[in-house]
Amino acid sequence: MASHLWQSIFRHPYDGSKRTRYLQTAANVFLHLHPVRISPAAVRFTYTWGLGGLSFFLFILLTISGAFLMFYYVPDSRRAYDDIKDLGFVVPFGQFLRNLHRWAGHAMVITVWLHMLRVFLTGAYKRPREFNWVLGVVSLVATLLLSFSGYLLPWDQIAFWAITVGTNMATSTPGVGNLLQVLILGGSRVGQNALLRFYVLHCLVLPLILAVVVGVHFWRVRKDAFSASGAGEKIDVWPHLASREFLAAVSALLVLVVWSLVVNAPLEQLADPHATPSPAKAPWYFLGLQEMLVYFDPWIAGVLLPLVIIFGLMAIPYLDPNPHGIGVYTFATRRWAVTAFLFGFGLWVLLIVIGQFFRGPGWTWYWPWESRAVAKAISGKTWNFPLPVGIALVGLYYTLGLYLPRRLRPDVFASLTRGRYCAIWMLALTMVALPIKMLLRLLFRVHYVVATPWFRV
Ligand code: HEM
């Protein structure tokens, strides 16, 4: 019989019988996030790869390690850098704590991306989970912004210039650039006001938003039922799923602890607004956007295209009319969707890899084996299409792109309403336009296809 203390906390004895397992799961707020019983297919590691759970675990780990870091760090540009240095030299386990926080942050960006990929490939965004996919995209954006806002806090050269590059893209938006600059930086450049804003966003506002959105996300996973279902009798969440979640969390923690003991988070010289490093690189997950600066105006690369990507991602469940392929990895019944998504995902990874490994001083192309110390001439002369030709080419590209698919494959697109068809193809054509523009630049030195005084693409 359970003791008085046990009963006051857990309500029911744990004797391992089916009935008490049900009662335990329902009476425990954390376990109650799960259903009581699930299909055996849902606990298969090779279905979820534990990625949603790992993202959540990393979020908790980041919150705890971040709270410890807050004891030692003051967001004052005159002492922030020294506070970070002290973590390495004065504070017991300070360097380890900083490493753990930094590496868990990078890991979370990766696990959230991969979780999205798995949800897409298993068709888990389709009815009735459309809105949970939208909440997922909001969590992804919040995760990226959390990581980005934390980047500035060490106040070293990498931090200062990464944030300068990142925010310059937003603040060059025509019309609202100045307003955005004042809102984001609290002034005209990265300084004390920006540091305080990024600190408050990083430590308070964004974690709060993410916690609420992820809370609703979990609740919807529970309400909408998990996508993987299969034949066979259902199994109890406790212990079948709970033990797997525990194992995944412990393994991730182990890897991160070892990694943090071996590899230190980078810290360069104190931030110097007068010494621009060449190249000044954005954080790695925004390098895709920075690479797009080569091909488009800064506000198109830094504001318009990200907005198209975010809203395009949110729209996927409402645009994809195909009801097949929910709860399984399949290509056969979802050829178009899977190809398009993998193309976009691969393109994004490619842009990041180019930005990280193939760009050197002056953002010129360097092969990985070429020394960055040897200066290269900034890439040679480029040319623009004459304006009427450029407009005609872009017009033709979108008109034919919209007209031909329906003409050539009426059987595939007949079921789509005109609005859905146009939205899908506008997004797909814009995505394909990016590598076309890259090739035009790299092979034929075309700078802009359409160059007007207001925008250039
Ligand atoms: C901080 C970020 C996130 C956390 C902590 C999180 C967490 C989770 C967890 C724990 C699950 C249960 C199953 C699993 O592990 O796969 C889940 C399911 C789901 N997630 Fe996320 N998620 C996040 C971001 C996202 C993103 C970026 C998307 C998509 C854009 C997304 C869409 C979904 C959907 C649709 C489900 C239901 C899947 C199904 O029924 O198979 N989530 N999420």
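Only the coordinates and a few stated rules stand behind these numbers; no lab work does. Everything numeric here is computed off the predicted structure, so don't read it as measured data. Cβ sites come from the backbone with ideal geometry, for glycine too, and all protein chains shown count toward neighbours.
Normalised by the residues of the stretch 380-457, what does the relative contact order come to in percent, with Cα pairs under 8 Å and at least six apart?
Working: 50 pairs, mean separation 42.1, N = 78.
Over the stretch 380-457, the number comes to 54 percent.
Quick check: the distance between the Cα centres of the stretch 400-435 and the stretch 125-197, to the nearest angstrom?
What the calculation gives is 33 Å, centre to centre.
At 222 nm, what helix-only mean residue ellipticity would the chain give, in deg cm²/dmol to the nearest 500, using -39500 (n - 2.57) for each DSSP H run of four or more?
Numbers: 18 runs with 278 residues, N = 457.
The per-residue figure over the chain is -20000 deg cm²/dmol.
Test of understanding: given the chain, find the longest segment containing no chymotrypsin sites (Phe, Trp or Tyr not before Pro) that are in a DSSP loop and have at most 16 other Cβ atoms within 10 Å.
Details: sites that count: Y14, F30, W49, F93, Y329, F331, F358, W369, W454, F455.
Formally, the longest exposed-site-free interval is 94-328.
Find which of L97, A315, G136 sits farthest along the positive direction of the dipole of the chain, computed with +1 on the beta-carbon of Lys and Arg, -1 on that of Asp and Glu, about the Cα centre.
After comparing all options, I get A315.
Amide H to amide H under 5 Å from R456: which residues, 5+ apart in sequence or cross-chain, H placed 1.01 Å off N in plane?
D297
Do any of K126/K437; K18/K234; K381/K437 go past 21 Å between their Cα atoms, and which? Kindly include the intermediate steps, with their values, before the conclusion.
On the way: K126/K437 32 Å; K18/K234 12 Å; K381/K437 17 Å.
Long pairs (Cα-Cα over 21 Å): K126/K437.
Could you tell me which trypsin sites (Lys or Arg not before Pro) in the stretch 378-457 are loop residues by DSSP with no more than 13 other beta carbons within 10 angstrom of their beta carbon?
On the way: sites: K381, R406, R407, R418, R420, K437, R441, R445, R456; in loops: K381, R445.
Passing sites in the stretch 378-457 are K381, R445.
Give, rounded to the nearest 20 debye, the magnitude of the charge dipole that the stretch 247-337 has about its Cα centre when Lys and Arg contribute +1 at Cβ and Asp and Glu contribute -1 at Cβ.
On the way: 3 positive and 5 negative charges, 79 e Å.
With Lys and Arg at +1 and Asp and Glu at -1, about 380 debye.
Report the relative contact order of the stretch 90-196, percent, no decimals, based on alpha-carbon pairs under 8 angstrom and at least 6 residues apart. All intermediate terms of the calculation are to be shown ahead of the outcome.
Working: 53 pairs, mean separation 15.9, N = 107.
Worked out over the stretch 90-196, it gives 15 percent.
Rounded if a/c is under 1.5, else prolate if a/b is larger than b/c, else oblate: which is the chain, with a ≥ b ≥ c the root eigenvalues of its Cα gyration tensor?
Working: a/c = 2.27, a/b = 1.20, b/c = 1.89.
It comes out oblate by the Cα gyration axes.
May I ask you to list the trypsin sites (Lys or Arg not before Pro) in the stretch 289-375 that are in a DSSP loop and have at most 13 other Cβ atoms within 10 Å of their Cβ?
Details: sites: R334, R335, R359, R372; in loops: R334, R372.
For trypsin sites (Lys or Arg not before Pro) across the stretch 289-375 that sit outside H, G, I, E and B with at most 13 neighbouring Cβ atoms in 10 Å, the list reads R372.
In whole Hz, what ³J(HN,Hα) sequence does the stretch 302-313 give by Karplus (6.51, -1.76, 1.60; θ = phi - 60°), x for Gly and Pro?
Once θ is set to phi - 60°, the couplings for the stretch 302-313 become x, 10, 5, 5, x, 5, 4, 5, 5, 6, x, 4 Hz.
Going Cα to Cα from K376, which lysines come in below 22 Å? Please leave out same-chain ones fewer than 8 positions away.
K281
Sequence gap at least 6, Cα distance under 8 Å: using those rules, report the relative contact order of the chain to the nearest whole percent. Can you show the working numbers first?
Details: 499 pairs, mean separation 86.2, N = 457.
Normalised by residue count, the contact order of the chain is 19 percent.
FRET efficiency for Y397 and E130, Cβ-Cβ distance as r, R0 = 41 Å, nearest 0.05?
Working: r = 30 Å, r/R0 = 0.74.
About 0.85, to the nearest 0.05.
What trypsin sites (Lys or Arg not before Pro) does the stretch 92-178 have in DSSP loop regions with at most 14 other beta carbons within 10 Å? Before the final figure, lay out each step's value.
Working: sites: R98, R102, R118, K126, R129; in loops: K126, R129.
Passing both the DSSP loop test and the Cβ count: no residue.
Once Rh is set to the Kirkwood radius over Cα pairs, what Stokes-Einstein translational diffusion coefficient, in µm²/s, holds for the stretch 297-435 at a temperature of 20 °C and a viscosity of 1.002 mPa s?
Working: Rh = 18.3 Å.
Rounded to a whole number, D works out at 117 µm²/s.
Whole-Hz ³J(HN,Hα) for each residue in the stretch 189-203, computed from phi via Karplus 6.51 cos²θ - 1.76 cosθ + 1.60 with θ = phi - 60°, x for glycine and proline: what do you get?
Listing the rounded values in order: 8, 5, x, 4, 4, 5, 4, 5, 4, 5, 4, 5, 4, 5, 8 Hz.
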